[in-house]
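For reference, the structure is listed below as structure tokens.
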Amino acid sequence: MPKIDEYELEVLSAFEKGQLKSVATKAELAKFKAAARATAIKDRRVNIRLSSGDLNDIQVKALEEGLPYQTLIASVLHKYVTGRLTERPGSVTSPTRKPAAKRRATSDG
């Protein structure tokens, strides 16, 4: 589970004490519910090939987050196509992954 910072602990405490109140109107809530339902509809199947290492890393991340790895993949893709997930400047490869060895071209053959 991700670490909770001081502000998040404060919000959680206020929620548990019943001190938080919604500021959304009934119309806004209905709009949000409709959007959530539409987002949750999964009406297409896609098959992709991943490297064993990438799939293993995804499964580990999903386990850390407490959700199925397919759900994590779908969430990441959804965030990317809606513009809520972007690449960080300067982050080309994961620091825990070693780059693949380059093959050397030979004239022997």
20 Å reach of a label modelled at residue 63, 7 Å along Cα-to-Cβ, counting backbone N of segment 1-44: 1-3
Once the Cβ-Cβ distance between residue 70 and residue 11 is put in as r, and R0 is 35 Å, what FRET efficiency do you end up with, to the nearest 0.05? 0.70
In terms of the Cα gyration tensor, with a ≥ b ≥ c the square roots of its eigenvalues, is segment 9-81 rounded because a/c is under 1.5, prolate because a/b exceeds b/c, or oblate? oblate
Just in segment 1-87: which GluC sites (Glu not before Pro) are loop by DSSP and have at most 15 other Cβ atoms within 10 Å? 87
So, in Å, what gap is there between the alpha-carbon centers of segment 56-76 and segment 9-53? 17 Å
In whole Hz, with x marking every Gly and Pro, tabulate ³J(HN,Hα) for segment 58-65 from phi via Karplus 6.51 cos²θ - 1.76 cosθ + 1.60, θ = phi - 60°. 5, 5, 5, 4, 4, 4, 4, 7
Short version: ³J(HN,Hα) in whole Hz for each residue of segment 4-18, in order, from phi by Karplus 6.51 cos²θ - 1.76 cosθ + 1.60 (θ = phi - 60°), x for Gly and Pro, what are they? 9, 7, 4, 4, 5, 4, 5, 5, 4, 4, 4, 5, 5, 8, x
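Here, each number is a calculation from the coordinates, and none is a lab measurement. Since the model is a prediction, treat every value here as computed from it, not as a measurement. Don't worry about glycine lacking a Cβ; one is built from the backbone with ideal geometry, like all the others, and counts go over all protein chains shown.
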